[in-house]
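FYI, it's all coordinate maths here, none of it is from the lab. Please read all numbers here as calculations on a predicted model, not as lab measurements. Here the Cβ is made from the backbone with ideal geometry for all residues, glycine too, and neighbour counts use every protein chain on show.
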Amino acid sequence: MAYQRLTAAKVRTAGPGVYPDGLGLYLCVSDSGSKSWIYRFSWQGRRPEMGLGSLIDVSLADAREAALEARRQVKAGINPIDAKRASKSAGVAGKTFGDAADAFFAAKQSEYSNAKYREMTRLALTRTVAAIRPLPVDRVDTEAVLSVLRPLWLETPKTARRVREKIEAVLDYASVHKLREGDNPARWRGHLEHLLPRHDKRANGHHAALPYKDAPGFFAQLGGVEGVAPRALEFTILTAARTGKPSEHNGRSSISTKSCG
């Protein structure tokens with residue numbers, strides 16, 4: 001069989017079909033036009049095919065080099081497909097949740113324009129999840145996630161929710177980078193919502209209230225205190241105004257729509 005039948009021009013213009021380059025290397029073009037490389041070889045009476053990647057990622061020269069390495073393995077009595085799987089497994093086995101968390105943070109930190117939020121995220125992915133950072137990222141399961149969340153869930157609900165979201169994001173990142181497979185054990189809907197109690201939307205509670213009968217006496221004492229803060233509090237009491245921003249009240253303005261004519 002002739003070697004190196006293909007040219008860069010042929011690879012670029014090839015329509016649907018399978019095109020041999022020689023010595024087991026083929027260019028495969030699907031009906032949709034996507035192009036990829038395969039290496040065919042003889043192994044124990046069979047003719048298995050080994051994928052070498054898409055043309056987008058693997059050039060003609062790279063494909064020839066990969067096929068050459070695979071031929072060397074076959075000649076040495078090694079199945080190149082098994083060797084590739086073993087190499088991939090070894091790479092995944094060496095990656096911990098901490099490795100994935102650090103890589104996720106490095107990839108995303110430029111999106112965090114708020115320095116305080118960026119630091120909170122860093123601490124969540126290091127200190128708060130310290131117990132699971134040494135675990136292989138492909139072995140992080142529901143129990144591992146719960147071991148982090150349970151101590152926080154009722155004590156600090158807001159922090160717990162944020163940490164769960166960060167763990168879920170890291171595991172999604174690991175899945176995209178083929179470091180793990182399967183469902184995300186940190187997913188809330190349809191999963192953790194059945195294992196952890198829902199947080200009361202009023203989990204932070206209301207401010208302590210002054211008994212109504214004590215209000216006149218308190219207001220009289222307030223009048224004798226100098227400063228801007230006492231005057232502001234008097235205004236709040238007299239107008240029943242809210243002290244938060246409109247966004248803190250579901251985005252609704254305190255002005256009645258009746259005033260809009």
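Which FRET efficiency value, to the nearest 0.05, do you get for residue 225 and residue 119 by plugging their Cβ-Cβ distance into 1/(1 + (r/R0)^6) with R0 = 35 Å?
Once rounded, the FRET efficiency stands at 0.40.
Exposure proxy check: 163, 137 ranked by fewest other beta carbons within 10 Å?
In order of increasing Cβ crowding within 10 Å: 163, 137.
List 7, 121 from most exposed to least, where exposure is judged by having the fewest other Cβ atoms within 10 Å.
So the ranking, lowest neighbour count to highest, is 7, 121.
Using a/c under 1.5 as the rounded threshold, could you call the range 97-194 rounded, prolate or oblate? The axes a ≥ b ≥ c are square roots of the C-alpha gyration tensor eigenvalues, and prolate needs a/b larger than b/c, oblate otherwise.
Oblate.
Please enumerate, by chain and number, the aspartates and glutamates with C-alpha under 19 Å from the C-alpha of residue 166, excluding those fewer than 8 residues away in the same chain.
Output for residue 166: 99, 102, 111, 119, 138, 141, 143, 155, 181, 183, 193.
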